[in-house]
Amino acid sequence: MIGRYGPPVFQILKGLSGSYNVALIKAVPREGVTKNFVYYLLQEKRLHNYVVANSERTAGQSGVNLELLEKYEAYQPPQELQHEFSKRVDAVDKLKKAQQQSLAEMENLFASLQHRAFKGEL
């Protein structure tokens with residue numbers, strides 16, 4: 001999903017199947033393109049700047065011009081590279097999740113130690 005109006009204009013979201021709103025554009029990958037590849041391609045700074053700079057609406061509110069987005073010439077690596085990219089992104093996401101969980105556990109342990117220290121139990 002792409003946030004159509006701003007701010008923040010052109011926010012890239014991973015939506016639930018069937019989610020829709022007039023302020024959203026549903027980005028459906030073309031054949032031969034993976035969802036992960038499209039998700040990260042849409043976050044590319046050059047594409048973002050191009051779309052936002054050329055999507056001013058008459059009322060002064062910025063909004064994504066779908067026609068500009070469709071005309072943007074983007075690279076399309078072979079599907080096997082896209083699948084490899086997706087595997088690596090998934091692996092990094094799993095590591096990030098594990099690190100966040102570990103950090104939360106360490107913060108809980110630290111808070112517990114702090115509590116005990118202030119109570120004079122250490």
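Things worth noting here:
- Of all residues in the stretch 89-102, none satisfies being within 21 Å of residue 12 (Cβ to Cβ), at pLDDT below 85 and of a type in the set (Val, Ile, Thr).
Matching residues to (1) without any contact (Cβ under 8 Å) to a residue 40 or more places away in the chain; (2) surrounded by 13 or more Cβ atoms within 10 Å (Cβ to Cβ); (3) among the β-branched types (Val, Ile, Thr):
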{"residue": "50", "(1), (2), (3)": "yes, yes, no"}
{"residue": "55", "(1), (2), (3)": "no, yes, no"}
{"residue": "66", "(1), (2), (3)": "no, yes, no"}
{"residue": "71", "(1), (2), (3)": "yes, no, no"}
{"residue": "80", "(1), (2), (3)": "yes, no, no"}
{"residue": "94", "(1), (2), (3)": "yes, no, no"}
{"residue": "105", "(1), (2), (3)": "yes, no, no"}
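- Condition check for residue 75: within 30 Å of residue 5 (Cβ to Cβ) and in a helix (DSSP H, G or I): no
The values are calculated or read from the model by the stated rules, or taken from the named source; none is laboratory data. What you are looking at is a predicted structure, and each value in this text was computed from that prediction instead of being measured. So basically every Cβ, Gly included, is an ideal-geometry build from the backbone, and we count neighbours across all protein chains shown.
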